[in-house]
Amino acid sequence: MNKIDSIIIHCSATRAGLDIGKKEINQMHVSRGFQCIGYNYVIRLDGTVEVGRSLTIDGAHCNSKGFSGVSYNKHSIGICYVGGLDAHGKAADTRTPEQKKALAKLIKELCGKYQIVEVLGHRDTSPDLDGDGIVEPEEWTKMCPCFDVRSEYPFVPEIVVKP
C-alpha cells in the first residue's frame, strides 16, 4: 500500500470461545480464492496479536470505497478479532478483556505510526443509502465487528465517517 490512512476493525464471525488464529483464517480465505489472509492483524482470544497480510500489498478485507472514492483495501489496515458470534451463532461482541486491551493498544500504535484519519468497523463502510452522511444500523450490510468502533475508541485524533 502506498498511503495508509484508515483502520478497519473486523471480527472472524466465529462462535465465542473458538480459539483460532492467523493460520486458520488464512486457510478460510485461501479456500475462498484469496491469495492469502486478507487481514493485516489477527487478535486471538488471549490477546495475542498475529501479523497477517503484509502492509506492503493491498489488503483483502474491505472492498467498500471510502470518502476518497478508493477501495479501503488500497489504503487501510484490517484488524480482525477472533469471535463475533455468540454460542447460538448470532452476532455479538464476544471480545475477551485481553482482546479489548490488545486491540486498543494496537490501534494506538498504528495511529502513532501512520497518519490515520479514520478508524471504522467493517459495518460502518456500508453504503449511506439515504444520503444523510451517516451509515445507520438499518443501512449496514453486515454486523461486523459487532460493536460500535467509533464510540469505543474516542482517543483517535479525528474520526471521519463518510460514504
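Assigning unit charges at the beta carbon (Lys, Arg +1; Asp, Glu -1) and nothing else, what dipole magnitude in debye, to the nearest 20, does the chain show about its Cα centre? Mind dumping the intermediate values first?
Details: 20 positive and 21 negative charges, 134 e Å.
That gives a dipole near 640 debye.
Mind listing the long-range amide H neighbours of T14? Cut-off is under 5 Å, sequence gap 5 or more, other chains count too, H placed in the peptide plane at 1.01 Å from N.
Hits under the 5 Å cutoff: G83, G84, L85.
Which percent, nearest 5, of DSSP beta bridges in the chain are antiparallel?
Among the beta bridges of the chain, antiparallel pairing accounts for roughly 25 percent.
Among I20, N63, Q99, which residue has its Cα positioned farthest towards the positive end of the charge dipole of segment 6-152, with +1 placed on the Cβ of Lys and Arg, -1 on the Cβ of Asp and Glu, and the dipole taken about the Cα centre?
Looking along the dipole axis, the top candidate is I20.
Charges at C-beta only: +1 for Lys and Arg, -1 for Asp and Glu. How large is the resulting dipole of segment 7-101 about its Cα centre, in Debye rounded to 20?
180
What are the extents of the Cα atoms of segment 15-140 along their three principal axes, in Å, largest first?
39, 36, 32
Once you list every other residue whose beta carbon is under 14 Å from the beta carbon of R15, what net charge do they have if Lys and Arg are +1 and Asp and Glu are -1?
Combined, the nearby Lys, Arg, Asp and Glu give -2.
When only alpha-carbon atoms count, how far does segment 8-53 stretch along each of its three principal axes, as whole angstroms with the largest first?
So the three principal-axis extents are 28, 19, 19 Å.
Every read-out reported here was derived from the displayed coordinates using simple, explicitly stated rules and does not represent laboratory data. This structure is a prediction, so every number in the text was calculated from the model and none was measured. Reconstructed Cβ throughout: ideal geometry from the backbone, glycine too, with neighbour counts over all protein chains shown.
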